[in-house]
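One structure is given here, and the rest of the page talks about it.
Each value in this text was obtained by applying a stated rule to the coordinates, not by laboratory testing. What you see is a predicted model; the values in this text were computed from it and never measured. Backbone-built Cβ (ideal geometry, glycine too); neighbour counts: all protein chains shown.
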Amino acid sequence: MALFRKSKNSEPDFSQIVLPSHIGIIMDGNGRWAKKRGLPRKAGHTAGAKTFRKITRYCSDIGIKYLTVYAFSTENWKRPSDEVNSLMNLFKSYLEEALEDFKDDSIVVRFIGDKSKFSDGLRSLMLENEESSKDRDGMVLNIAMNYGSRDEIVSAVRNISADVKNNIISIQDINENLISNYLYTSGQPDPDLIIRPSGEYRISNFLLWQSAYTEFVIMNKLWPDFEKSDLDEALKIYSSRNRRYGGV
Ligand code: FPP
């Protein structure tokens, strides 16, 4: 089903809808996708990585300014070591390619989360990616790895307390804006839209502070099956929402 009127070059025409500036995606359903096909879970993650590339490019092409994807949570270390290892290998091979990837789209790559838990090799690849893309002027892509929103808030509280103790700020300076500026997403707008494929109605410790007024769209598609047209549909749903931010 065509969700948007097609323009001449057959790309969807977004002129009739309000585009979100910042989209968050919980890339869920890789394991179920693999199970349905009798494949090991890691095959689901590999397929999920392909979807991630495709949807990231598409978001950049249609003019989204910020995209935050949930790739690995602080809780995901509890998975069987075989699955964790295959995810780490996938991240490593992806990050090696990513040094070149997304260059043409001018995408700025950032990692949000506690990097200290990753291997030296993975950590230096993350830093290399951030460093080499930081001066680009396209979409900002936040890849959440070893990310947990509660952990992020705990670390913000610690850093704020240290700055109060060292007289860098005073207690009176602490307000919502200041707290936002101590989070990994400092300086970025809050997400307007969070999409969760795979039909689960959970936030799973993702952008808790930042999503105070975010619109949620839950989709009944497993992440590896997620298509550009599914993103179009989520955008259409978002565009039809009446955002009141607590007003009337
Ligand atoms: C959740 O699905 C998905 C993950 C924990 C991993 C997400 C990782 C990718 C999509 C790989 C690509 C990322 C990058 C940055 C290369 P699940 O395993 O919980 O699925 P299930 O709920 O069906 O078991």
**Q.** Cα-projected label distance for Asp105 with Glu75, points at 7 Å along beta-carbon direction, nm
**A.** 2.8
Q: Could you run the Debye sum over the Cα atoms of the chain, one equal point scatterer each and no solvent, and tell me log10 of I(q)/I(0) at q = 0.08, 0.10 Å⁻¹, two decimals?
A: -0.33, -0.51
Q | Cut-off 17 Å, label 7 Å out along Cα→Cβ of Asp13, residues of the range 45-67 by amide N | A | none
Q: Could you work out the equivalent-ellipsoid semi-axes for the range 93-142, taking the square root of 5 times each eigenvalue of the Cα gyration tensor, largest first, in whole Å?
A: 19, 12, 8
Q: Rank-order 143-156, 121-134 by packing density, defined as the average count of other C-beta atoms within 10 Å over each peptide's residues, highest first.
A: 143-156, 121-134
(Q) What do you get for chymotrypsin sites (Phe, Trp or Tyr not before Pro) in the range 153-213 restricted to DSSP loop and a cutoff of at most 10 other Cβ within 10 Å of the site's Cβ? (A) Tyr201
Q) How high is the relative contact order of the chain, in percent, counting Cα pairs under 8 Å that sit 6 or more residues apart? A) 28
Q) Suppose R0 equals 25 Å; then what is the FRET efficiency for Lys165 and Lys134 from their Cβ-Cβ distance, rounded to the nearest 0.05? A) 0.25
Q. Ranked from highest to lowest mean number of other Cβ atoms within 10 Å per residue, what is the order of the peptides 92-98, 170-176, 18-24?
A. 18-24, 92-98, 170-176
Q) Using alpha carbon centroids, what distance separates the range 63-114 and the range 195-212, in Å? A) 18
Q: Report the percentage of all Cα-Cα pairs in the range 1-121 whose separation exceeds 17 Å, rounded to a whole percent.
A: 65
**Q.** Relative contact order of the range 8-123, defined on C-alpha pairs under 8 angstrom at six or more residues apart (%)
**A.** 27
**Q.** For the chain, calculated [θ]222 nm from helices alone, where every DSSP H run of n ≥ 4 adds -39500 (n - 2.57)
**A.** -12500 deg cm²/dmol
(Q) If I take R0 = 25 Å and measure r between the Cβ atoms of Lys35 and Glu97 in this structure, what FRET efficiency does the formula 1/(1 + (r/R0)^6) give, to the nearest 0.05? (A) 0.40
Q. Taking the inverse of the average 1/r across all pairs of different Cα atoms in the range 70-159, what Kirkwood radius in Å do you get?
A. 13.9
Q) What share of the DSSP beta bridges in the chain is antiparallel, in percent to the nearest 5? A) 5
Q: Take the Cβ-Cβ distance between Leu127 and Met88 as r, set R0 to 25 Å, and report the resulting FRET efficiency rounded to the nearest 0.05.
A: 0.95
(Q) Once you keep just the Cα pairs under 8 angstrom separated by 6 or more residues, what percentage relative contact order results for the range 154-248? (A) 23
